[in-house]
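Here the structure is laid out as structure tokens; the discussion comes afterwards.
The values are calculated or read from the model by the stated rules, or taken from the named source; none is laboratory data. Computed from a predicted structure; not experimentally measured. Virtual Cβ from ideal backbone geometry, glycine too; neighbours counted across all protein chains shown.
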Amino acid sequence: MDFLGFEKILYHPEKLEKLRQDEPQFPVHMTISLGNFCNHACLWCTVYAVQQEQVRHMDYDKLIKFLSRAQERGLRAVGYVGNGEPTAYPKFRELTKAVNAMGLEQGMFTNGHLLDRYMDEVLNYFTYIRISLDAGSMKVHNAMHDVKGHFPKIIGNLDALIKKRDNGYSPTIGVQYATHHLNLHDLYNSARIVSEIGVDYFSVKPVFNWGGGANPDRIERNTLTYESLTPEVNRARADFENQNFKIMYRPHQVESVSEDRNVLEYDRCVAGLFNLNLYENGKLTCCSPHRVEVGTYEDDPQNLEKTILETTKGLDLSKCPPSCRYHPLNHLVDTVVNPERARQFHHNFL
Ligand SMILES: C[S@@+](CC[C@H](N)C(=O)[O-])C[C@H]1O[C@@H](n2cnc3c(N)ncnc32)[C@H](O)[C@@H]1O
């Protein structure tokens, strides 16, 4: 089982059944943007413009209230991912403790610079954390994240976290490498450093050109191709991959970026039935690239479920960004709920 893949849908057969029956359901997972402040300014960041607006933080009390009602309807996990840096949220400690007490699983994407403040919270309450590193040296990190000298502290934080993780496996600690032709040469070194520290996985993905990504004022358009990236990934795999360290790489993402279109087939986006996105202004979307709003955190979760179901039926798939992370989920679900499509995958165990 690949924890970054969507085979995990097998753990939720009732969700597929509801989908088949066209019944409303509350998503299992919700991403939460705790604020728009970030202490890094990655050149390709799709939300850089939002970060330039006045600093906003999530309303703590409203969030807690919404989470407890959502949990009753079927929410099982939250991921702190969004417009800013989650560890810069002023009530991060209080929040993660309260969410843990509700029985919800937690995860986050972080740049890792402030992690030393929250070692105990991460170790005690989180299922995964993923550090957006994107470099194998201070020089490249400074340039890509537009910071001054954060790289050694981030590596030190990762090292300390892994040394303190006494059960050896939980939370899962990963590193992501968003790859642009300008940092491709540092990928191998990055994989080497983090494999030596003992992180669990290194995920390689392309920098997307959509949204604010590769904003021409800040960085040139990413010209990375499958042919240029794959040999670097294979070199790192050959030298560093082992039973405890995996390098995750999805060639279809790179192909989609270079072809500028989704390369996986499906008729309907069902991502909103599995994942909801909450922003610091209280708005909820069932599709983050399109920012398709379905309500706010003050709405009744049961009504939200109906809105989500109807909204997912009306999305214009021709406008989807090539590398939306949900293309594989939609493709997989499509092959399951669409009998004609299932046949081409020899679904009867042939
Ligand atoms: C916007 S950041 C916010 C969370 C946190 N501050 C962090 O650094 O992970 C979330 C993730 O989006 C990724 N990201 C932002 N813009 C991107 C782009 N144009 N292409 C690929 N990944 C991008 C970042 O690399 C990061 O892993």
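Inspect all residues belonging to region 39-49 and state whether any of them is in contact with a strand residue (DSSP E or B) (Cβ under 6 Å, 6 or more places away or on another chain) and within 30 Å of D146 (Cα to Cα). So that I can check it myself, show each step before the final result.
So in region 39-49, the residues in contact with a strand residue (DSSP E or B) (Cβ under 6 Å, 6 or more places away or on another chain) come out as none.
No.
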Restricting region 108-131 to residues that are surrounded by fewer than 20 Cβ atoms within 10 Å (Cβ to Cβ) and within 16 Å of the chain's Cα centre (by Cα), the one farthest from the ligand (Cβ to nearest atom) turns out to be T127
Going through (1) modelled with pLDDT of 95 or more; (2) buried (at least 20 other Cβ atoms within 10 Å of the Cβ) one by one, A77 fails only at (2)
Scanning region 66-95 for residues that are under 19 Å from H29 (Cβ atoms) and more than 16 Å from the ligand (Cβ to nearest atom) gives F66, L67, S68, R69, A70, Q71, E72, R73, G74, L75, R76, A77
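Conditions (1) in a helix (DSSP H, G or I); (2) farther than 30 Å from D334 by Cα, marked per residue:
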position	(1), (2)
F3	no, no
E17	yes, no
E23	no, no
C42	no, yes
F66	yes, yes
Among E265, E241, the single one that is over 25 Å from P339 (Cα atoms) and of a type outside the set (K, R) is E241
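With respect to L309, determine if the residue is surrounded by 13 or more Cβ atoms within 10 Å (Cβ to Cβ) and aliphatic (A, V, I, L, M). Spell out how you get there, then give the answer.
Details: surrounded by 13 or more Cβ atoms within 10 Å (Cβ to Cβ): yes; aliphatic (A, V, I, L, M): yes.
The answer is yes for L309.
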Residue pairs qualifying under the 9 Å Cβ cut-off, at least six apart or on distinct chains, with the first in region 75-100 being part of a helix (DSSP H, G or I) and the second being surrounded by fewer than 16 Cβ atoms within 10 Å (Cβ to Cβ) and of a type in the set (K, R), are T87/R117; F92/R117; R93/R117
**Report entry** Test for L276: is it in a loop (DSSP other than H, G, I, E, B), modelled with pLDDT of 85 or more, under 25 Å from N209 (Cα atoms) and not basic (K, R)
**Finding:** no
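Taking region 216-243 as the search range and keeping residues that are of a type in the set (A, V, I, L, M) and surrounded by 15 or more Cβ atoms within 10 Å (Cβ to Cβ), which one is farthest from D2 (Cα to Cα)?
Let us first name the residues in region 216-243 that are of a type in the set (A, V, I, L, M), namely 219, 224, 229, 233, 236, 238.
Applying the additional criterion that residues be surrounded by 15 or more Cβ atoms within 10 Å (Cβ to Cβ) yields 219, 224, 229, 233, 236.
Details: I219: 33, L224: 25, L229: 22, V233: 18, A236: 19 Å.
Across region 216-243, the extreme among qualifying residues is I219.
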Against the condition among the charged types (D, E, K, R), in contact with a Ser or Thr (Cβ under 9 Å, 6 or more places away or on another chain) and touching a residue at least 12 places away in the same chain (Cβ under 8 Å), how does D299 come out, does it pass?
yes
Note on region 44-54: residues more than 10 Å from the ligand (Cβ to nearest atom) and either surrounded by 16 or more Cβ atoms within 10 Å (Cβ to Cβ) or not in a loop (DSSP other than H, G, I, E, B) (or both) are A49
- Message: With the structure loaded, tell me whether D134 is in contact (Cβ under 8 Å) with a residue 60 or more places away in the chain and over 25 Å from Q25 (Cβ atoms) or whether it fails that test.
- Response: yes
Scanning region 324-350 for residues that are assigned to a helix (DSSP H, G or I) and within 25 Å of the chain's Cα centre (by Cα) gives H327, P328, L329, N330, H331, L332, V333, D334, T335, V336
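Restricting to region 101-121, name every residue that is of a type in the set (A, V, I, L, M, F, W, C), in contact (Cβ under 8 Å) with a residue 24 or more places away in the chain and farther than 27 Å from M138 by Cα.
Initially, region 101-121 is screened for residues of a type in the set (A, V, I, L, M, F, W, C), giving 101-102, 104, 108-109, 114-115, 119.
Still in the list and also in contact (Cβ under 8 Å) with a residue 24 or more places away in the chain: 102, 104, 108-109, 114-115, 119.
Answer for region 101-121, where residues must be of a type in the set (A, V, I, L, M, F, W, C), in contact (Cβ under 8 Å) with a residue 24 or more places away in the chain and farther than 27 Å from M138 by Cα: M102, L104.
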Filter region 178-229 for residues that are within 13 Å of the ligand (Cβ to nearest atom) and among the basic types (K, R); the one that is farthest from P322 (Cα to Cα) is R218
